[in-house]
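Enquirer: Quick one: the structure is below, questions incoming.
The values are calculated or read from the model by the stated rules, or taken from the named source; none is laboratory data. Fair warning: this is a prediction, and the values are worked out from it, not measured in the lab. Note that each Cβ is placed from the backbone with ideal geometry, even for glycine, and that neighbours are counted across all protein chains shown.
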Amino acid sequence: MNGLRIYVSGDAAAAAVGADDVAAAIATAARRTGLPVDIVRNGSRGLHWLEPMVEVATAQGRIAYGPVSVSDAVSVLEAAAADGGAHPLRLGKPEDIPYLKNQTRLTFGRCGIVDPRSLADYCAHGGYKGLARALQMQAAAVVDEITRSGLRGRGGAGFPTGIKWKTVAETAADQKYIVCNADEGDSGTFADRMIMEGDPFALIEGMTIAGIAVGATRGYVYVRSEYPHAIAALNEAISAARRGGMLGNGIAGSSHAFDLEVRVGAGAYVCGEETALLDSLEGKRGQVRAKPPLPAHKGLFGKPTVINNVLSLATVPIILEKGAAFYNDFGMGRSRGTMPIQLAGNIKYPGLYETAFGVTLGELVEQIGGGTATGRPVRAVQVGGPLGAYFPRALFGLPFDYEAFAKADGLIGHGGVVVFDDTVDMARQARFAMEFCAIESCGKCTPCRIGSTRGVEVIDRIVANCDRAANTALLEDLCNTMKFGSLCALGGFTPYPVMSALTHFPEDFGAPPHLAAAE
Ligand SMILES: Cc1cc2nc3c(=O)[nH]c(=O)nc-3n(C[C@H](O)[C@H](O)[C@H](O)COP(=O)(O)O)c2cc1C
Ligand code: SF4
């Protein structure tokens, strides 16, 4: 079709604020006026406060309008038809909006730009160049490229991806698997979903490269059931890749075979833990497995398995396309490359912000995120999901770096940043962390299964001023037992939000501020 090309995000976050209705209203208005339009439901640019964002392709590039409501559809269409003309909601070129302009988009380079359903559009925007290069290389050289890039797992643990791949590559077996962890259970995170909805071929290409590198011919994407848009987009893209000869036997005309399927999780936080995920994929109740054996040696159905997060795998194509040195050039210390950071909670400019490691927490929250949405002072920021620490403003100088966060008794996790204003009650947040652990515990080990329930009770006693000093000491003791005695990070990391709340905000637990300062 050669009509006016209009982009309305089909991303779940945009749909939640009316993008589907806006797309329908634009289509109706175009029909009425006889204007031929071609509406593309692309991914989101990740500027969530501007959704639904509508873009029109013009001779000078794309021009954006937003946030567009149904009642604006007719006037926005008129302005768009006038070569991206004036309108009160006109934002100009999206890439000139400072929030987007100041980012370094490597993993998200195509998200919000391409048509997620079109293999041809993906290829027209540099897609499958990474695979083409990988196919020219020895498998071990592909693994080496990933190792030298410095890429670390974006699912939470930050484990070097190249080392994981090397272990699988060097383990002999008749069958190996690539499993993509798309359970994305962390609070305030949505980057995996955005990639799957906005640039699903990047994930497919990354998994295909992983398969070639380690000798795996089958892959599974384990997606949480709460992501129906992502599941639909992935399934469509997988079918298109198969039709286009990029999945199946003889991928891209080579002698390699690789195919993959989507599997839908039933909704348990612990099923994001890699071994519980494997149990769930095998049709069992998702329970954590003791290690060893590592999944790299005995994973899915007892076979060597690479398990990587969506972002880790979706970053692989650009590393192969541009080379390890290009990617490794970004970042600080041992945190190389870029991190797609998700700004959420009580924040003025929520969204996806991909940038090189090293940006400070304060820059992210106050400058880029614009402070709180309520306009009240920021009091606490939780980074890294429900198992991440709460940081006070005093730690806003902390750079986004795995080691710096670990040193401050926190974690980067999957890059979720959730902001709270000065009305937050940190004792309630600590209690919530213990309660969350109690509800989501898989029950396999005692410190987590029993400790989390006892933890809720101890926090209640502290807040009720019942033997406060003794119960505070008991809480610290309990947290140490959970930290060092739990089988997985659900029980092992719950002490981070609890202890950080107690350490940085003792006044919320009933301690007078002057005593709190002395502690
Ligand atoms: C309780 C728990 C939940 C987790 N949830 C997720 C998740 O939703 N997505 C994810 O990628 N990793 C999650 N992880 C981390 C995985 O166990 C694993 O480290 C990751 O999938 C490895 O991929 P990566 O190396 O690419 O990060 C979770 C870990 C724990 C302990
Ligand atoms: S720490 Fe909790 S979730 Fe992890 S294995 Fe033990 S009981 Fe299961």
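Enquirer: Across the range 466-515, what is the total count of residues that are on the phi > 0 side of the Ramachandran plot and free of Cβ contacts under 8 Å to residues at least 24 places away in the same chain? Steps first, please.
Expert: Taking the range 466-515 first, the residues on the phi > 0 side of the Ramachandran plot are 467, 510.
After this cut, where a residue has to be free of Cβ contacts under 8 Å to residues at least 24 places away in the same chain as well, the list is 467.
Selection size over the range 466-515: 1.
Enquirer: Ok, one more. Pairs only if they're at least six apart or on different chains, beta carbon under 6 angstrom, first in the range 435-448 and in contact (Cβ under 8 Å) with a residue 12 or more places away in the chain and buried (at least 17 other Cβ atoms within 10 Å of the Cβ), second assigned to a loop (DSSP other than H, G, I, E, B) and of a type outside the set (S, T, N, Q); list them, first residue then second.
Expert: Final answer for the pair search is 442/288; 444/288; 444/487; 445/487.
Enquirer: Tally time: how many residues in the range 8-42 are touching a Lys or Arg at 6+ places or on another chain (Cβ under 6 Å) and assigned to a loop (DSSP other than H, G, I, E, B)?
Expert: 1
Enquirer: Looking at 300, 277 in this structure, which one is within 12 Å of ligand 1 (Cβ to nearest atom) and either hydroxyl-bearing (Ser, Thr, Tyr) or closer than 20 Å to residue 164 by Cα (or both)? Outline the logic, then answer.
Expert: On the way: 300 fails: within 12 Å of ligand 1 (Cβ to nearest atom).
Just one listed residue meets the conditions, 277.
Enquirer: If you don't mind, another one. Restricted to the range 255-281, and to residues that are surrounded by fewer than 16 Cβ atoms within 10 Å (Cβ to Cβ) and among the small types (Gly, Ala, Ser), which residue is modelled with the lowest pLDDT?
Expert: Step by step, filter the range 255-281, then rank; the result is 267.
Enquirer: Among the residues that make up the range 218-235, is at least one of them more than 12 Å from ligand 1 (Cβ to nearest atom) and on the phi > 0 side of the Ramachandran plot?
Expert: The first filter runs over the range 218-235 and keeps only residues more than 12 Å from ligand 1 (Cβ to nearest atom), leaving 218-220, 225, 228-235.
After this cut, where a residue has to be on the phi > 0 side of the Ramachandran plot as well, the list is none.
No: zero hits.
Enquirer: Separate question: In the list 237, 296, which residue meets the criterion of being under 16 Å from residue 128 (Cα atoms) and more than 16 Å from ligand 2 (Cβ to nearest atom)? Step through it out loud before you land on a result.
Expert: Details: 296 fails: under 16 Å from residue 128 (Cα atoms).
237 is the lone residue from the list that is under 16 Å from residue 128 (Cα atoms) and more than 16 Å from ligand 2 (Cβ to nearest atom).
Enquirer: Can you name the residue in the range 292-346 that is under 18 Å from residue 108 (Cβ atoms) and of a type in the set (Phe, Trp, Tyr) and, of all such residues, is surrounded by the most Cβ atoms within 10 Å (Cβ to Cβ)?
Expert: This residue is 327.
Enquirer: On the given criteria, is residue 458 on the phi < 0 side of the Ramachandran plot and more than 16 Å from ligand 1 (Cβ to nearest atom)? Spell out how you get there, then give the answer.
Expert: On the way: on the phi < 0 side of the Ramachandran plot: yes; more than 16 Å from ligand 1 (Cβ to nearest atom): yes.
So residue 458 passes the test.
Enquirer: Another question, if that's okay. Output the number of the condition that residue 146 fails; it satisfies all remaining conditions of (1) within 13 Å of ligand 1 (Cβ to nearest atom); (2) among the aliphatic types (A, V, I, L, M); (3) surrounded by fewer than 24 Cβ atoms within 10 Å (Cβ to Cβ); (4) closer than 22 Å to residue 111 by Cβ.
Expert: (3)
Enquirer: Continuing with this model, one more query. Would you say residue 264 is aliphatic (A, V, I, L, M), within 15 Å of ligand 1 (Cβ to nearest atom) and farther than 29 Å from residue 135 by Cβ?
Expert: On the way: aliphatic (A, V, I, L, M): yes; within 15 Å of ligand 1 (Cβ to nearest atom): yes; farther than 29 Å from residue 135 by Cβ: yes.
Considered against the rule, which asks whether it is aliphatic (A, V, I, L, M), within 15 Å of ligand 1 (Cβ to nearest atom) and farther than 29 Å from residue 135 by Cβ, residue 264 comes out as yes.
Enquirer: Which one of 455, 443, 451, 385 is touching an Asp or Glu at 6+ places or on another chain (Cβ under 6 Å), within 16 Å of ligand 2 (Cβ to nearest atom) and not charged (D, E, K, R)? Explain how you work it out, then say what you get.
Expert: Values: 455 fails: touching an Asp or Glu at 6+ places or on another chain (Cβ under 6 Å); 443 fails: touching an Asp or Glu at 6+ places or on another chain (Cβ under 6 Å); 451 fails: touching an Asp or Glu at 6+ places or on another chain (Cβ under 6 Å).
Selected residue: 385, the only one of 455, 443, 451, 385 that is touching an Asp or Glu at 6+ places or on another chain (Cβ under 6 Å), within 16 Å of ligand 2 (Cβ to nearest atom) and not charged (D, E, K, R).
Enquirer: Still on this structure, I have one more. What's the number of the condition residue 19 fails, among (1) without any contact (Cβ under 8 Å) to a residue 60 or more places away in the chain; (2) over 28 Å from residue 236 (Cα atoms); (3) buried (at least 23 other Cβ atoms within 10 Å of the Cβ)?
Expert: (2)
Enquirer: Would you please list the contacts, defined by Cβ atoms under 6 Å and residues six or more apart or on different chains, that run from a residue in the range 111-126 that is closer than 23 Å to residue 13 by Cα to a residue that is assigned to a helix (DSSP H, G or I) and aromatic (Phe, Trp, Tyr)?
Expert: 114/122; 122/201
Enquirer: Could you tell me which numbered condition residue 198 fails, if it satisfies all but one of (1) out of contact with any Ser or Thr (no Cβ under 8 Å at 6 or more places or on another chain); (2) closer than 14 Å to residue 11 by Cβ?
Expert: (1)
Enquirer: If the Cβ limit is 6 Å and pairs must be 6+ apart or interchain, which residue in the range 296-311 that is at pLDDT 95 or above pairs with which residue that is among the β-branched types (Val, Ile, Thr) and assigned to a loop (DSSP other than H, G, I, E, B)?
Expert: The qualifying pairs are 297/171; 304/171; 311/107.
Enquirer: Residues that are free of Cβ contacts under 8 Å to residues at least 60 places away in the same chain, within 27 Å of residue 183 (Cβ to Cβ) and assigned to a helix (DSSP H, G or I): does the range 374-394 have at least one?
Expert: Among the residues of the range 374-394, not one is free of Cβ contacts under 8 Å to residues at least 60 places away in the same chain, within 27 Å of residue 183 (Cβ to Cβ) and assigned to a helix (DSSP H, G or I), which makes the answer no.
Enquirer: Can you pull out the residues in the range 71-100 that are of a type in the set (Val, Ile, Thr) and under 22 Å from residue 28 (Cα atoms)? Steps first, answer last, please.
Expert: If we filter the range 71-100 for residues that are of a type in the set (Val, Ile, Thr), which is where we start, we get 74, 76, 97.
Passing the criteria: 74, 76.
Enquirer: Same structure, new question: Hey, which of the helices (runs of 4 or more DSSP H) in the range 47-158, taking only ones fully inside, have at least 2 residues that are more than 22 Å from the chain's Cα centre (by Cα)?
Expert: Values: elements: 73-81, 98-101, 119-124, 129-136, 139-149.
Qualifying helices (runs of 4 or more DSSP H): 73-81, 119-124, 129-136, 139-149.
Enquirer: Considering only residues that are crowded, with 18+ Cβ neighbours inside 10 Å and either out of contact with any helix residue (DSSP H, G or I) (no Cβ under 7 Å at 6 or more places or on another chain) or of a type in the set (Phe, Trp, Tyr) (or both), look in the range 350-360 and name the one that is farthest from residue 107 (Cα to Cα).
Expert: Narrowing the range 350-360 to residues crowded, with 18+ Cβ neighbours inside 10 Å: 350-357, 359.
With the extra rule that they be either out of contact with any helix residue (DSSP H, G or I) (no Cβ under 7 Å at 6 or more places or on another chain) or of a type in the set (Phe, Trp, Tyr) (or both), the set shrinks to 353-357, 359.
On the way: 353: 11, 354: 8, 355: 10, 356: 11, 357: 13, 359: 17 Å.
Result: 359.
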